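Report on one structure; see the data block that follows.
The values are calculated or read from the model by the stated rules, or taken from the named source; none is laboratory data. For clarity, every value in this text was computed on a predicted model and none was experimentally measured. Because the Cβ atoms are built from the backbone with ideal geometry, glycine has one as well, and the counts that use them run over all protein chains shown. Side chains are part of the model used for accessible areas, which takes the heavy atoms of the whole protein and leaves out ligands, DNA and RNA. Shrake-Rupley method; radii C 1.70, N 1.55, O 1.52, S 1.80 Å.
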Amino acid sequence: MKPISFIIPSRNNLKYLKQAYESIRKNSSVEHEICIADDASTDGTLEQVLVWMKRDKNIKLHVNKGPERLGHTILYDTLINEYATHDRVIIFHADMYLCPHADEEIDKYLEPGKVVSLTRIEPPLHPEGPEKIIEDFG
């Protein structure tokens, strides 16, 4: 399996970013690269990512010192164009959780010129769509 660059912008979402990071490390079949952008967070995100980086050589970090936020779109582009080193990328929100074997499933379907999307399960906060399941788990 070829490695993937996970692209994760985050702003004041440390509680969920921890779960996202841990799910990628726990549930991946290989050690993928994780590219994180701290978008002027004030919740300890930067400090936590620096701790991870001391023991995890496959994290890349971009810091927006602010005070204005840059937003997901700009940070997706920044992380992909300036930090990611693999030709496979996953746009991964800081509040997402990677399920076991998801990277292996992606690998089965991914080919040049093709986009593969994992099914999202999210609370009824946003519009419905064919790419997700709307479910409130509390």
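Protein chains only, probe 1.4 Å: how do C35, C99 rank by accessible area, largest first? Spell out each step's value before the answer.
Details: C35 0, C99 75 Å².
The most accessible residue leads, giving C99, C35.
Using a 1.4 Å probe, how large is the accessible area of H93, given in Å² and rounded to the nearest 10?
Roll a 1.4 Å probe over it and H93 shows about 70 Å².
Count charges around E68 for me, please; just the other residues with Cβ under 14 Å from its Cβ, Lys/Arg as +1, Asp/Glu as -1.
Numbers: positive: R11, K65, R69; negative: D38, D39.
Here the count lands on +1.
Based on alpha-carbon centroids, what's the gap between the range 1-51 and the range 61-110 in Å, whole number please?
Rounded to whole Å, the Cα centres lie 9 Å apart.
Under 17 Å from the 7 Å Cα→Cβ point of I91, by amide nitrogen: which residues of the range 1-34?
5-11
So, in nm, how far is label E22 from label I80 when the simple model puts each one 7 Å beyond its Cα toward the Cβ?
3.0 nm
Enumerate the amide H contacts of I90 below 5 Å, restricted to partners 5 or more residues apart or on another chain; note that Pro and chain-start residues carry no placed amide H.
Here S5, F6, I7 satisfy the definition.
Can you tell me how much longer the chain between S29 and K54 gets when fully stretched, taken as 0.36 nm per residue apart minus their C-alpha distance, in nm with one decimal?
Working: separation 25, 0.36 × 25 = 9.00 nm, distance 2.18 nm.
Contour length minus the Cα-Cα distance gives 6.8 nm.
Near K2, which lysines are there with a Cα under 17 Å away, not counting those fewer than 8 places off in the same chain?
K108, K114
Among all the aspartates and glutamates, which ones have a C-alpha under 15 Å from K26's C-alpha, if same-chain residues fewer than 8 places away are not counted?
D56, D103, E104
Per residue, how much accessible area does the chain show when a 1.4 Å probe rolls over the protein heavy atoms, in square angstrom?
Values: 8560 Å² over 138 residues.
That works out to 62 Å² for each residue.
What is the Rg over Rh value, at two decimals, for the range 60-138, using alpha-carbon atoms and the Kirkwood definition of Rh? Mind showing how you got there, number by number?
Working: Rg = 15.2 Å, Rh = 15.2 Å.
On the Cα set of the range 60-138, Rg over Rh gives 1.00.
What residues have an amide H closer than 5 Å to that of K60, excluding those fewer than 5 places away on the same chain, when H is modeled at 1.01 Å from N in the peptide plane?
For K60, whose amide H was placed from the backbone, the distant partners under 5 Å are I34, C35, I36.
Rounded to the nearest 500 deg cm²/dmol, what is the calculated helix-only ellipticity per residue at 222 nm for the chain, with -39500 (n - 2.57) per DSSP H run of length n ≥ 4? Numbers along the way, then the final one.
Details: 4 runs with 44 residues, N = 138.
So the helix-based figure for the chain works out to -9500 deg cm²/dmol.
Across bins of 10 angstrom width beginning at 0, how are the C-alpha pair distances of the range 96-138 distributed, in whole percent?
In whole percents, the pair-distance histogram is 24, 44, 28, 4.
Compute, for S5, the solvent-accessible surface of its heavy atoms (probe 1.4 Å) with the complete set of protein chains present, and express it in square angstrom to the nearest 10.
Spelled out: S5, probe radius 1.4 Å, area about 0 Å².
With the full set of protein chains in place, find how many percent of the accessible area of the chain is carbon and sulfur; take the probe as 1.4 Å. Display every interim value, and only then the final one.
Values: 4510 of 8560 Å².
Of the solvent-accessible surface of the chain, carbon and sulfur hold 53 percent.
Note down the relative contact order for the chain as a percent, whole number, built from C-alpha pairs under 8 angstrom at least six residues apart. Walk me through the intermediate numbers first.
On the way: 217 pairs, mean separation 42.7, N = 138.
About 31 percent, as a whole number.
Please enumerate, by chain and number, the lysines with C-alpha under 28 Å from the C-alpha of K65, excluding those fewer than 8 residues away in the same chain.
K15, K18, K54, K57
What list of ³J(HN,Hα) values in whole Hz, one per residue of the range 98-111 in order, does the Karplus curve 6.51 cos²θ - 1.76 cosθ + 1.60 (θ = phi - 60°) give from phi, with Gly and Pro shown as x?
8, 6, x, 6, 4, 5, 5, 5, 4, 4, 5, 10, 7, 8
Antiparallel as a % of all DSSP beta bridges within the chain, to the nearest 5? Provide the component values of the computation, followed by the final result.
Working: 0 of 18 bridges.
Of the beta bridges lying entirely in the chain, close to 0 percent run antiparallel.
Sort S117, S41 by accessible area with a 1.4 Å probe, largest first.
Working: S117 85, S41 25 Å².
Ranked from most to least accessible, the order is S117, S41.
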